[in-house]
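For reference, the structure is listed below as structure tokens.
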């Protein structure tokens, strides 16, 4: 089983922010359709869902598929595949402001660190139901790492 760095660790946050600092508005993706500002907005959706800003709950039977099939892939040890399918709420197709989205992501990463592990233990996800603090950490880190790799950072 893969072990992911903790989203609640200062060292992890420092590493993620250093990687993010290498991203430029014109940085091209190595795969996929999003540009850099769209990717930043896309990864912020996870945080918006965690903090209740977006509450896009799937209906039955999609809810069962999300909880029993998708959740293990999202918080499990395997990396996300390139060009994988994404939920409609995560699709960012309009143009976004790079600095606004970058600042939003920095705020989100730092907010998770500030709130700490205890704030996420049992916190419900609209898609997956209650998650452990460890599952939230994996979700945040794995999603960022996947898209940072997509942009070569």
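In segment 106-128, what count of residues is obtained for those that are over 27 Å from residue 69 (Cβ atoms), assigned to a helix (DSSP H, G or I) and in contact with a helix residue (DSSP H, G or I) (Cβ under 9 Å, 6 or more places away or on another chain)?
Number satisfying all stated conditions: 8.
Number of residues in segment 87-138 that are in contact with a strand residue (DSSP E or B) (Cβ under 7 Å, 6 or more places away or on another chain), surrounded by fewer than 14 Cβ atoms within 10 Å (Cβ to Cβ) and at negative phi equals 1.
Could you look through segment 1-10, keep only residues that are over 17 Å from residue 115 (Cβ atoms) and surrounded by fewer than 15 Cβ atoms within 10 Å (Cβ to Cβ), and pick out the one that is modelled with the highest pLDDT? Within segment 1-10, the match that is modelled with the highest pLDDT is 3.
If you check 99, 66, 49, which single one turns out to be out of contact with any helix residue (DSSP H, G or I) (no Cβ under 7 Å at 6 or more places or on another chain), outside any loop (DSSP other than H, G, I, E, B) and at pLDDT below 90?
Working: 99 fails: at pLDDT below 90; 49 fails: at pLDDT below 90.
Going through 99, 66, 49 in turn, the sole match is 66.
The values are calculated or read from the model by the stated rules, or taken from the named source; none is laboratory data. Everything quoted here is computed from the prediction, not taken from an experiment. Note that each Cβ is placed from the backbone with ideal geometry, even for glycine, and that neighbours are counted across all protein chains shown.
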